[in-house]
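In what follows, a structure is listed as structure tokens, so that the remarks can point back to it.
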Amino acid sequence: SAADYRVKLTIGSRWEMSERMLPTGEFLPLTAEEEQLKGEGVYPFFTELDNHYTAVPQNGRNRMELTDTKLGRTLVYDVGTSYKQWMIWNNFATEGFFCPEPQINLVNAPNVDLPADEIGLFSLAPGEIWEETGRLYLK
């Protein structure tokens, strides 16, 4: 049952978004439930989520952990530290659908006047390769 789920994410700050869902460059205060996302975990459908957050690695990794407290099973979405952002959507707080999306850069990053390394914006030279990892597993 979705009522048994708790989710944890390596988020930092929540980006303020414009009416066009583009980042303004400012941050909004986290709610008490969003603070729980960073710590002990929270029911993933506590409110409608369509938010963008900075990623703050813990123990050298970015991850989402979705735990079924009744079954004692946890789905881990473990991604590398090159992912600087998380986008989280829960389909208008609809139980059964939760989408944590790691992102390399901030939405609309080339048009945001913030330091490139802070928003995950980088370029590749011709022939250069960028690689990162992501894995899903149960624990």
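The values are calculated or read from the model by the stated rules, or taken from the named source; none is laboratory data. Please read these numbers as outputs of a predicted model, since none were measured by experiment. All Cβ positions, even for glycine, are placed from backbone atoms using ideal geometry, and neighbour counts span all protein chains on display. Note: areas computed on protein heavy atoms with side chains; ligands, DNA, RNA excluded. Shrake-Rupley method; radii C 1.70, N 1.55, O 1.52, S 1.80 Å.
All of (1) within 28 Å of Thr24 (Cα to Cα); (2) open to solvent by less than 20 Å² (accessible area, probe 1.4 Å) hold for Thr74 with one exception: (1). Among the residues of region 122-139, those identified as surrounded by fewer than 10 Cβ atoms within 10 Å (Cβ to Cβ) and within 22 Å of Met64 (Cα to Cα) are Glu131, Tyr137, Leu138, Lys139. Residues in region 86-102 that are buried (at least 16 other Cβ atoms within 10 Å of the Cβ) and without any contact (Cβ under 8 Å) to a residue 60 or more places away in the chain: Met87, Asn90, Pro102.
Considered as a group, the residues in region 1-17 that are part of a strand (DSSP E or B) and open to solvent by 50 Å² or more (accessible area, probe 1.4 Å) include one that is farthest from Thr47 (Cα to Cα), and that residue is Glu16. For region 59-71, the candidate set comprises residues that are touching an Asp or Glu at 6+ places or on another chain (Cβ under 7 Å) and not in a loop (DSSP other than H, G, I, E, B); within that set, the residue that is surrounded by the most Cβ atoms within 10 Å (Cβ to Cβ) is Arg63. Residue count for region 18-48, restricted to those that are surrounded by 15 or more Cβ atoms within 10 Å (Cβ to Cβ) and not hydrophobic (A, V, I, L, M, F, W, C): 7. Report yes if some residue within region 41-52 is among the β-branched types (Val, Ile, Thr), within 15 Å of the chain's Cα centre (by Cα) and at pLDDT below 95; otherwise report no. No, the conditions are met nowhere in region 41-52.
Evaluating Asn51 against the criteria (1) free of Cβ contacts under 8 Å to residues at least 60 places away in the same chain; (2) closer than 17 Å to Thr133 by Cα; (3) open to solvent by less than 40 Å² (accessible area, probe 1.4 Å) leaves one unmet condition, (2).
Being of a type outside the set (D, E, K, R) and either at pLDDT below 95 or more than 16 Å from the chain's Cα centre (by Cα) (or both) narrows it down to one of Pro100, Pro115, so name that one. Full working, then the answer.
Details: Pro100 fails: either at pLDDT below 95 or more than 16 Å from the chain's Cα centre (by Cα) (or both).
Criteria check complete, one pass: Pro115.
Contact map, region 110-121: first residue at negative phi and open to solvent by 50 Å² or more (accessible area, probe 1.4 Å), second residue in a helix (DSSP H, G or I) and at pLDDT 90 or above, Cβ cut-off under 7 Å, separation 6 or more or different chains; pairs are Leu121/Ala109; Leu121/Pro110.
The set of residues from region 28-40 being at pLDDT 95 or above, over 21 Å from Lys70 (Cβ atoms) and either among the small types (Gly, Ala, Ser) or under 14 Å from the mean Cα position of the chain (by Cα) (or both) comprises Leu30, Ala32, Glu34, Glu35.
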